[in-house]
């Protein structure tokens, strides 16, 4: 599924192709919010679970942050709301 999404996303792209799908970037953001960690810590966490996610490479923290900002431009709503001790994503 990730490969199909990447082919579609890179079809008419100018410049370097995307190596990570929007779905996996959004999934990383969910992990970031769930564990309340920063982008650098998220990068290390994902590197530790690289085999579980079936990734050959892991995006660096700047790539994850940049892609999330761009996903917001295209309509992805990234809102975190913390009520009491629970975190809703």
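Readers should treat all values here as calculations from the given coordinates under stated rules, not as data from a laboratory. Nothing here was measured: the structure is a model prediction, and the numbers come from that model. No Cβ is skipped: glycine too gets one built from the backbone with ideal geometry, and neighbour counts run over all protein chains shown.
Could you calculate the FRET efficiency of residue 40 with residue 18 from 1/(1 + (r/R0)^6), where r is the beta carbon distance between them and R0 is 25 Å, rounded to 0.05?
Details: r = 21 Å, r/R0 = 0.85.
Using R0 = 25 Å, I get an efficiency of 0.70.
How are the Cα pair distances of the stretch 1-73 distributed, in percent, across 5 Å bins from 0?
It works out to 3, 15, 27, 28, 16, 8, 2, 0, in whole percents.
Residue 10 to residue 66: extension gain in nm, 0.36 nm per residue of separation minus the Cα-Cα distance?
Numbers: separation 56, 0.36 × 56 = 20.16 nm, distance 1.67 nm.
Taking 0.36 nm per residue and subtracting the Cα distance, the gain is 18.5 nm.
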